Amino acid sequence: MYTSHEDIGYDFEDDPKDKKTLKPHPNIDSGWAWMVVLSSFFVHILIMGSQMALGVLNVEWLEEFHQSRGLTAWVSSLSMGITLIVGPFIGLFINTCGCRRTAIIGGLVNSLGWVLSAYAANVHYLFITFGVTAGFGSGMAYLPAVVMVGRYFQKRRALAQGLSTTGTGFGTFLMTVLLKYLCAEYGWRNAMFIQGAVSLNLCVCGALMRPLSPGKDRNDAGGKDPQVVLAPSPGSKSSGPPGGAEEKGAGPGNEEQPGGDLPAQAGPEKAEGTQNLCALRVLKTASQLTVRVRRGFRDWYSGYFGTASLFTNRMFVAFIFWALFAYSSFVIPFIHLPEIVNLYHLSEQNDVFPLTSIIAIVHIFAKVILGIVADLPCISVWNVFLMANFTLVLSIFILPLMHTYAGLAVICALIGFSSGYFSLMPVVTEDLVGIEHLANAYGIIICANGISALLGPPFAGWIYDITEKYDFSFYICGLLYMVGILFLLIQPCIQMIEQSRKKYMDGAHV
């Protein structure tokens, strides 16, 4: 799906006769590949971890701006939602510029969003600076981190993706503690300013995403030719362009001219040759850039809008509906739990060990455990995926009934463990659409998750503004989540019925 001239995993042989022969890159599954995993791990910490810790800032914004909970929750949900929703469109940048440049630019944009948000005068200002700007920058840095791990690994791709995505759990724990400390010591505005400086480390992570093609990273990473030396060495015959100063000065006729006239003649001719060479360089660079942009747009368009067969797969369409309802049930606790703790007068206990940190820590181990269980030959990945979803729905329904710190801690642990199914989503998607459509299909699923993250927290805030309780928001989200699971269960039954009917009709015709 996302391919550029910088990020090819195999190199073509130099011999024209062997153009169809591919040799594996030595860094595949080893070497620098693990540095890419480390880079992706820190990207997950800085982006997904900080977004899951936004509940700390949500409380500060409520106290500062005195707006409704539904309106204030839009700030966090915009940042989370846009990070995922723009995923399919960031592919255009990756196809054109490569993963490294896209991630570095994303780090700069994300940092700018944090810094500008420190000067917010109202919630609507945060919609633009934090929700849109920081969210778009997060999307530009997040997607290359996932894509590059997939390019550097083949045999150990599942292990590498699992290790890199555990950064979300570590980041949620670390960023929650960091933001709470910064807000307490320096205030939320200075905390966001400091977090903007921390986010510049995304540029370092992007720089570690070294393209696989060995020569193009160093010499031709920007699509430009190596620098042409205008002045030849004393031993060379003619290294300049035709008609240039070097050829004019090397002719035998020049021996008859006075020595004082040679610089006067060579000066204008050399300047003219240099100008022509610079003009040719500019034209060549512009032509190459145009070709790259057109090729990147063509690949991006065909990857998403040319795969209509995905939407004829009714099971995959049901999976999209599930993704629209599922992710909000995981995001809402992170955004609203800090305020729920304040409403229940449990702030002192929560300050010792935040409930969101419990979710994050258990989530780390859950990804590894569920991945190991799903790999067992006697167990179906699909069954593990469904059981984890049912456990998460049950936890969402029970959460409003708990009013003690111990009870909330147990439910948060269940939420963290059951949400470990995120590591199984690529595997389930591949089972539904096949390996050839995995990248496109997973981009659509991520986009659906982004819509869920965008609408879920404000919806929960609006329900509180109407009922003055968070209970009904969890119940409604749990019901919608259950509807999404029912879509997954009903579609296989419909397919079985249709297959049985088709076999019956075929037998009747015979």
Which residues' amide hydrogens lie under 5 Å from the amide hydrogen of M402, considering only partners 5 or more residues apart or on another chain, with H built in the peptide plane?
none
Whole-Hz couplings from phi, Karplus 6.51/-1.76/1.60, listed for the stretch 310-321; x for Gly and Pro:
4, 7, 8, 7, 5, 5, 5, 4, 5, 5, 5, 4
I want to check the label-to-label distance for M496 and F390. Put each point 7 Å from Cα in the C-beta direction and report it in nm to one decimal.
1.4 nm
Net charge contributed by nearby residues that have their C-beta within less than 10 Å of Y470 (K/R +1, D/E -1):
-1
Looking at the square roots a ≥ b ≥ c of the eigenvalues of the Cα gyration tensor of the stretch 114-179, which shape do they give, rounded for a/c under 1.5, prolate if a/b is larger than b/c, or oblate?
oblate
Between A286 and L38, what is 0.36 nm times their sequence separation minus the Cα-Cα distance? Round to one decimal in nm.
85.8 nm
By the Kirkwood definition, with r running over pairs of different Cα atoms, the stretch 308-509 has a hydrodynamic radius in Å of 18.3 Å
Find the accessible area per residue for the stretch 55-179; the probe is 1.4 Å, ligands and nucleic acids are left out, and the unit is Å².
33 Å²
So, in nm, how far is label W382 from label L310 when the simple model puts each one 7 Å beyond its Cα toward the Cβ?
2.1 nm
Rotationally averaged projected area of the stretch 382-448 (alpha carbon convex hull; nm²):
5.0 nm²
Which ³J(HN,Hα) values, rounded to whole Hz and listed in residue order, are derived for the stretch 65-79 from phi using the Karplus coefficients 6.51, -1.76 and 1.60 in 6.51 cos²θ - 1.76 cosθ + 1.60 with θ = phi - 60°, glycine and proline given as x?
9, 6, 9, 5, 5, x, 5, 5, 5, 4, 4, 5, 5, 4, 4
Pairwise FRET efficiency - F365 versus E468, Cβ, R0 = 41 Å, nearest 0.05
0.65
How far is it, in nm, from the label point at A121 to the one at V483 when both lie 7 Å from their Cα along the line to the Cβ?
4.1 nm
Separation of alpha-carbon centers, the stretch 143-198 and the stretch 32-90, rounded to whole Å:
10 Å
Roll a 1.4 angstrom probe over the protein heavy atoms and tell me the percent of accessible area of the stretch 52-166 that is carbon or sulfur.
68 percent
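The values are calculated or read from the model by the stated rules, or taken from the named source; none is laboratory data. Not measured: the values here are computed from a predicted model. Methodologically, a virtual Cβ is constructed for each residue, glycine included, from the backbone with ideal geometry; neighbour enumeration extends over all protein chains shown. We work out accessible area using only protein heavy atoms, side chains counted, and drop any ligands, DNA or RNA first. Shrake-Rupley method; radii C 1.70, N 1.55, O 1.52, S 1.80 Å.
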